[in-house]
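Visitor: Below is a structure I'd like to ask you about.
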Amino acid sequence: MFAAIRKLADGLINLSAAIGSLGLIFIMLVILVDVIGRAFGSPMYGSQDVITMSMTVVVFGAMAICDRTGGHISVDLFERAYPELLNLAIDISAALLGAVIFVAIAYAVNESAKLSAMLNLSTNLLRWPKAWFQNGLSVFALLTAAGMVLRALELTFSGRDVRKGDAV
Amino acid sequence: EELKFANFTPPFHTINASVIEKLNNDLSAATNGELTVRGYHGGELGSGPAEQYIRVLQGATDMAWGLPGYTSSQFGKTMIAELPGAIPEDMPGYQALWRAFDDNLSQEFPGTKPLALWTSEPNIFIMRNKVIRTPQDLNGLKVRVAGSTAAEVAKALGATPVQMPISQVYNAMQTGLIDGVITGASTLKDFKLDEVADALTLGAPLGRLTFFTVLNAQVYGDLSAEQRAAVDAASGMELSKSAEDAWLVTANAALAAAQKDSSNAIVELTDAEKEAFTKAVSGVVNSYVNSVDGDDALAAMQGN
Amino acid sequence: MSASMIGMIGILIMFVLLLLRVPVAFTMFAVGFAGITILDSSRSAFSLLASESFTLASSPELVVIPLFILMGNVASLTGMSQRLYDAAYAIIGQFRGGLASATVIGCGGFAALSGSSVASALTMGKVALGQMDRFNYNTRLSTGVVAAGGTLGILIPPSTGFVIYAILTEQSIGRLFLAGVLPGIMLLLLFIVMIMVICYFKPDFGPAGPKTNLKEKSRAILGAGPIVGVILLTIGGIYGGLFSPVEAAAVGAGSVILVGLVTRTLTIKLLWSAARDAVVTTATVMLILIAAHLINPFMALSHIPTAVGEFLAALNLGVTGTLILILMIYLVLGCFLEGFAMLVLTLPIFFPIILQLGIDPIWFGVLTVLTLEMGLISPPVGINVFIVKSVAPNVALGDIFRGVLPFWLMMILAVALLMAFPQIVLLLPNTMFG
Ligand code: NA
Ligand code: NA
């Protein structure tokens, strides 16, 4: 059963990472267009709006895959000194703690998005609604949390640590 | 009870003495020390100006100050006060804002009680290697602007508006990435622009900045009746005047220092010279006021 | 229980969680969130969680992080880094640890275009670590060099560290930038000395290569042409006013991609994997930065910095004593706080004491930023060490910390030298500004 869920999860995680990667290439192109245009007297209108909002997609789009590939750094000074069972317990608890944190981020940012809609907040020049990007951030955060829960379940029931397996 | 006041600038910024300390003194005096205000400076309770209003609304702090210009979409009508010539030169900005507040601006401040509303010293041209006397002098120059209306003003004058965080302006002026910035004289001191700028032009109608200080409405509602009365007495016109006066003192000091430095070219436009600028930007003012349905707000600000 | 007590307990719990291998970012999130909830309210904690997450993720300054990583990735995948290190190897590879010294010099050069230590360590890590591996350098030396060398990013101008210090203390940015130049070069030289010392005692840490003749040297240098060209273009563009240091990251990345596509060393597939790896590393780094920003309000609400300041003022230690004590406090704080957060929390309290004692604020600024750099590489919360770890996932964090230690000692020496000879700091600014 885990195999099927894992396949679905990895598909979503990959999709999310792909959106983030596209966002990064896009940001680079926007800055280049802005820089070149400015040198000729016509910078891109609202470039800063585009760059900062796309950054939220880059940063949070990659959160799920970051966890999937073991990207979150921990202090491994005593890893070898700890008994195996303790290490397993730590890995499971940390994954669950991570899930709680990302659910909290998703919830908090979503609450802020409601306020943003109420206050009519948008970027200064292009008037892109801030709530769109906050909601996007929440979705990415929820996906990250789901990935962490799945990782914790796999660790608990099959002892498999996806971070040490093949890359996705 | 100690109320938290979030300040995203350093503790010696003009805001501290003129608003935070003053509120603390007035409230503690009126309540025999029962109600006090403590400033959290330098962004200790969350950095940057853009999220200050939200932080008050969400209760991360009880009070904060900020600039509507950073979230201009929330403050469509309040932002009218920033337009060139919207408030007559001889009229204090805080009076204009409060005159329009009840009928036109209050709905832009949901969930909070505004304690002070004020405006800055008038914006000026702060330039490097370029002396501005006429709109033509701006042709093709790259000028840093804060928001959309300021961008329109710059465009109307023939300049190329460039968006960038104020913290990067120093470097950008030094390397010639931008030729200057349209903002108040206090930035000469606050962001060290005096070190890189060498030409100031005063008197052109370039608008000014607006500011607010707000208190969480629920926190206000939960105070005792006497404490609420103390807050009412300590806020409003008087506090706003204190802030605006302090802003002007800071700006004048920065200008005086700039004038003392003989390497600076300082241009004070004559009335005739001003006229050319006024004409160039008049379209921007009208189209903005129309876009936010702000005729009443503008009239109220102007005292009509 | 007093607020300060809760703050201390929070710090203690943070240490315990870190040693229990809970990821650094998660630890700081949990402790910061719980601390704010206890000292204020859960409403406040949720609000700060939301605003810090979104504000940092949309910060116009932090775009440099993914862009510089992308640049480093593409340079590595297309063989540009390889040719750069071939050139360095041909020039100074015959000396023990020569490539490590070249990397330190590279860090110094990169510092001239980047204002942030994080970006420096990330980019140099992507470019240099694999290359030093190729020439059989010990990973402890190579990662230590990159983590320590990266800290030059905020000492050599442009520097976000000095900008924040200047705005918090009303000092001249220009003076501070100039004041950082000589100490930056001095520190760079001290690092090279340390590399020579390490490799003298442990020759296998940085094995010496064969001697090369002039022809081989020039061929290798020519091969490095494209990447050197990109770097010069980027630095030139900043100082020539074509783009800002932030935009320089996009120009750098765009240029290496263009060179790669033109020379057919870069395929779309490779570019895609470079971008994907860049966003993953960005996520690692950004999550730590966001989490660090939750510790900041927690510390502010605990009033620990104020208490420390009052304690310090009451001691009446005189100039040298106060200075040493403040720097030691920075050293301790640097172990668990992010550098800029530390400046914001402490400068408003320490700076008036400094002024009262008549200590030169520019001199103090450089000492502060240098000490702050040490915090970036000191355990357990050493941001630059985490950065290097994110680039070199196979090296144990403990090894990186061990590798950094000798360079950390050189920074202590640098602080001592600057305290003994303030002229090193003040010469340039006083000559240029009068
Ligand atoms: Na630098
Ligand atoms: Na540290």
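The values are calculated or read from the model by the stated rules, or taken from the named source; none is laboratory data. Source: prediction; values computed, not measured. A quick note on method: Cβ atoms are made from the backbone with ideal geometry, for glycine too, and the neighbour counts reach across all protein chains shown. Ligands, DNA and RNA are excluded from the accessible area calculation, which covers all protein heavy atoms including side chains. Shrake-Rupley method; radii C 1.70, N 1.55, O 1.52, S 1.80 Å.
Visitor: Under the condition of being open to solvent by 10 Å² or more (accessible area, probe 1.4 Å) and not aliphatic (A, V, I, L, M), which residue from region C:175-193 is farthest from ligand 2 (Cβ to nearest atom)?
Guide: C:175
Visitor: Please work out which residue is farthest from the other protein chains (Cβ to nearest Cβ), limiting yourself to region B:59-75 and to residues that are open to solvent by less than 10 Å² (accessible area, probe 1.4 Å) and either closer than 15 Å to residue B:119 by Cα or within 15 Å of the chain's Cα centre (by Cα) (or both).
Guide: B:65
Visitor: Another question, if that's okay. Scanning region B:40-58 for residues that are part of a helix (DSSP H, G or I) and among the polar types (S, T, N, Q), which turns out most open to solvent (accessible area, probe 1.4 Å)?
Guide: Once the filter is applied, the top-ranked residue is B:58.
Visitor: Test residue B:37 against the criterion of being part of a helix (DSSP H, G or I), modelled with pLDDT of 90 or more and buried (at least 20 other Cβ atoms within 10 Å of the Cβ), and give yes or no.
Guide: no
Visitor: Please specify each residue of region C:212-228 satisfying the condition of being surrounded by fewer than 13 Cβ atoms within 10 Å (Cβ to Cβ) and either outside any loop (DSSP other than H, G, I, E, B) or at pLDDT below 85 (or both).
Guide: C:214, C:215, C:222
Visitor: From the set of residues in region C:277-328 that are more than 12 Å from chain B (Cβ to nearest Cβ) and assigned to a loop (DSSP other than H, G, I, E, B), which is surrounded by the most Cβ atoms within 10 Å (Cβ to Cβ)?
Guide: Only one residue tops the list, namely C:317.
Visitor: Scan B:103, B:90 and give me the residue that is surrounded by fewer than 24 Cβ atoms within 10 Å (Cβ to Cβ), of a type in the set (Asp, Glu) and either assigned to a loop (DSSP other than H, G, I, E, B) or in contact with a strand residue (DSSP E or B) (Cβ under 8 Å, 6 or more places away or on another chain) (or both).
Guide: Just a single option satisfies the conditions, and that option is B:90.
Visitor: Give me the pairs, please: first residue somewhere in region C:358-386 and within 16 Å of ligand 1 (Cβ to nearest atom), second residue anywhere and among the basic types (Lys, Arg) and not in a helix (DSSP H, G or I), beta-carbon distance under 7 Å, and either six or more positions apart or on two chains.
Guide: Cβ pairs passing all conditions: none.
Visitor: Collect the residues in region A:33-70 that are open to solvent by less than 10 Å² (accessible area, probe 1.4 Å), more than 19 Å from residue A:137 (Cβ to Cβ) and either touching a residue at least 60 places away in the same chain (Cβ under 8 Å) or facing chain C (nearest Cβ under 7 Å) (or both), keeping them in residue-number order.
Guide: Hit for region A:33-70 is A:46, nothing else.
Visitor: Further question: Consider region B:129-149. How many of its residues are farther than 27 Å from residue B:72 by Cβ and of a type in the set (D, E, K, R)?
Guide: Counting residues in region B:129-149 that are farther than 27 Å from residue B:72 by Cβ and of a type in the set (D, E, K, R) gives 3.
Visitor: In addition: For region B:120-161, which residues satisfy the criterion of being at pLDDT 90 or above and among the β-branched types (Val, Ile, Thr)?
Guide: Residues satisfying the conditions are B:124, B:126, B:131, B:132, B:134, B:143, B:153, B:160.
Visitor: On to the next question. Go through region C:33-44 and count every residue that is at pLDDT below 95 and surrounded by 23 or more Cβ atoms within 10 Å (Cβ to Cβ).
Guide: Adding up the residues that qualify gives 1.
Visitor: Also, I was wondering about something else. So residue C:48 passes all but one of these: (1) within 12 Å of another protein chain (Cβ to nearest Cβ); (2) open to solvent by 20 Å² or more (accessible area, probe 1.4 Å). Which condition number does it fail?
Guide: Exception for residue C:48: condition (2).
Residues are listed down the side, and each one gets a yes or a no for (1) in contact with a strand residue (DSSP E or B) (Cβ under 8 Å, 6 or more places away or on another chain); (2) more than 14 Å from ligand 2 (Cβ to nearest atom); (3) open to solvent by 10 Å² or more (accessible area, probe 1.4 Å):
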position	(1), (2), (3)
C:334	no, no, no
C:364	no, yes, no
C:381	no, no, no
C:422	no, yes, yes
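Visitor: If I ask for residues that are over 20 Å from residue C:419 (Cα atoms) and in a helix (DSSP H, G or I), which ones from region C:344-386 would you list?
Guide: C:344, C:345, C:346, C:348, C:349, C:376, C:383, C:384, C:385, C:386
Visitor: When region C:104-128 is examined, which residues are found to be crowded, with 23+ Cβ neighbours inside 10 Å, hydrophobic (A, V, I, L, M, F, W, C) and either within 14 Å of chain B (Cβ to nearest Cβ) or more than 16 Å from ligand 1 (Cβ to nearest atom) (or both)?
Guide: C:113, C:127, C:128
Visitor: Name the residues in region A:108-117 that are more than 7 Å from every other protein chain (Cβ to nearest Cβ) and either over 17 Å from residue C:33 (Cβ atoms) or open to solvent by less than 10 Å² (accessible area, probe 1.4 Å) (or both), would you?
Guide: Hits for region A:108-117 are A:113, A:114, A:116, A:117.
Visitor: Which condition breaks for residue A:120 when tested against (1) at positive phi; (2) buried (at least 19 other Cβ atoms within 10 Å of the Cβ)?
Guide: (2)
Visitor: Can you pull out every residue in region A:127-152 that is in contact with a strand residue (DSSP E or B) (Cβ under 7 Å, 6 or more places away or on another chain) and more than 10 Å from chain C (Cβ to nearest Cβ)?
Guide: Across region A:127-152, the qualifying residues are A:128, A:129.
Visitor: Still on this model: Which of the following residues is modelled with pLDDT under 95, out of contact with any His (no Cβ under 7 Å at 6 or more places or on another chain) and among the charged types (D, E, K, R): B:241, B:274?
Guide: B:274
Visitor: Determine whether region C:387-405 contains at least one residue that is surrounded by fewer than 24 Cβ atoms within 10 Å (Cβ to Cβ) and within 16 Å of ligand 1 (Cβ to nearest atom).
Guide: Checked region C:387-405: no residue is surrounded by fewer than 24 Cβ atoms within 10 Å (Cβ to Cβ) and within 16 Å of ligand 1 (Cβ to nearest atom).
Visitor: While we're here: Against the definition (part of a helix (DSSP H, G or I), at the interface with chain C (Cβ under 9 Å from one of its Cβ atoms) and touching a Ser or Thr at 6+ places or on another chain (Cβ under 6 Å)), how does residue A:90 come out, yes or no?
Guide: Judged against the criteria, residue A:90 is not a match.
Visitor: Evaluate the following for residue C:347: is it within 16 Å of ligand 2 (Cβ to nearest atom) and under 24 Å from residue C:116 (Cβ atoms)?
Guide: Against the criterion (within 16 Å of ligand 2 (Cβ to nearest atom) and under 24 Å from residue C:116 (Cβ atoms)), residue C:347 does not qualify.
Visitor: Only one of these is within 16 Å of ligand 2 (Cβ to nearest atom) and either among the hydroxyl-bearing types (Ser, Thr, Tyr) or touching a Lys or Arg at 6+ places or on another chain (Cβ under 9 Å) (or both): C:151, C:169, C:160. Name it.
Guide: C:151
Visitor: Taking interchain pairs and intrachain pairs at least six residues apart, which have beta carbon atoms under 6 angstrom, with the first residue in region C:240-263 and within 12 Å of chain B (Cβ to nearest Cβ) and the second polar (S, T, N, Q)?
Guide: Pairs found: C:241/B:175; C:244/B:168; C:248/C:234.
Visitor: Here is a further query. Pairs, please: C-beta under 7 Å, at least 6 apart or cross-chain, first residue facing another protein chain (nearest Cβ under 10 Å) and open to solvent by 20 Å² or more (accessible area, probe 1.4 Å) and in region C:149-166, second assigned to a helix (DSSP H, G or I) and more than 7 Å from ligand 1 (Cβ to nearest atom)?
Guide: What qualifies is C:157/C:177; C:157/C:180; C:157/C:181; C:163/B:167; C:163/C:173; C:164/C:340; C:164/C:343.
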